[in-house]
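Each reported figure results from applying straightforward, stated rules to the coordinates on display, with no laboratory input. Computed from a predicted model, the values in this text were never measured in an experiment. Counting neighbours? That spans all protein chains shown, and the Cβs are built from the backbone with ideal geometry, glycine included.
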Amino acid sequence: MRIATALVLAALMAVPSLGAAESNFNVNVNLGVPVPPPPTVVVAPRVVFDAPPLFLAPSSLGFYVGVDMSYDMVLISGVYYLFQGNHWYRANHYNGPWVVTRYEQLPAPVRRYKVEKIRYYRDHEYRAYHANRDHYRGKHFRPGREEREEWRDEKDRRKEDKREAREEWKEHKKHGRGHGRDND
C-alpha cells in the first residue's frame, strides 16, 4: 500500500508541473496594418560664432565652404547650409536660426557632391589658403554688415556680364552674316 500511495503522490506531483508547462503556451495573431514607428524629431543645432567665419570657394565645387570651423557649412547666394547629425539645415545668417532642409531642397551644386567630397575640396583649398594667405588668388569671403550689399553687387555684376556677352554674341552674329553676304 505504501508503494501504491507513493506512486499516486508522485503522479499527483507530476500533474501540476505538466499543467504549468501547458499554461506557458501562447498564441498571438495580428490582423491589420503594422503601426508605424513614431516620427523622428530633429532639433535644430545651436551654432554660434564670436566673429564672422571665413568662406573659401574651391573652383572644383563652385560655391563657398566654411573653413577653420568645426562645422560643415556652405554658402550659396547669401544662404547658409549646415550639415550636422546626418541632416541639412538652412539659415540666412551664419549663426542661424537653422531650419531643417530636405536633401531635395538643397541647391543643385550642393546635391552634386557627397559631404565627404565637399570636405575633401574644402580641406585642400584651406591648405592652399593657409600656406599662401597674403598671395592667395582664390575667392574668399568673410560675412559682415555689408554682406547683403556684396551679394547684390555680385548678382548685378553677373547680370551685367551676361548682358554684355549677349550683346557681343549678337554683334558677332551680325558681322558674321554680313561678311557672308559680301562674299556671295
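What does the highest-first list of 104-110, 116-122, 54-60 look like by mean Cβ count within 10 Å?
Listed from highest to lowest mean packing, they are 54-60, 116-122, 104-110.
Based on the mean of other beta carbon atoms within 10 Å per residue, what is the order of 69-82, 156-169, most packed first?
Packing proxy ranking, top to bottom: 69-82, 156-169.
Report relative contact order for the range 57-161 in percent, whole number only (criteria: Cα-Cα under 8 Å, sequence separation at least 6). Can you show the working numbers first?
Numbers: 104 pairs, mean separation 24.4, N = 105.
Reported as a whole number, the value is 23 percent.
Assuming R0 = 30 Å, can you tell me the calculated FRET efficiency for the pair I76 and A131, based on Cβ-Cβ distance, to the nearest 0.05?
It comes out at approximately 0.70.
Would you grab the residues whose amide H sits under 5 Å from the one on V47? Only those 5+ places off in sequence or on another chain, please, with H modelled 1.01 Å from N.
Those qualifying (amide H under 5 Å, at least 5 residues apart or on another chain) number zero.
If the chain between E104 and N92 were fully stretched, how many nm would it gain, using 0.36 nm times the residue separation less the Cα-Cα distance?
2.5 nm
Can you compute the modelled spin-label distance between A165 and Y121, with each label point 7 Å from Cα toward Cβ, in nm?
In this crude spin-label approximation the distance works out to 1.8 nm.
For the pairs K114/K170; K114/K155; K117/K173; K117/K155, note any where the Cα-Cα span goes beyond 31 Å.
K114/K170; K117/K173
So, with +1 on the Cβ of K and R and -1 on the Cβ of D and E, and no other charges, what is the size of the charge dipole of the range 54-143 about its Cα centre, to the nearest 20 debye?
Result for the range 54-143 is approximately 180 debye, rounded to the nearest 20.
Can you list residues from other chains, or at least 5 along the same chain, whose modelled amide H is less than 5 Å from the amide H of I76?
Y81
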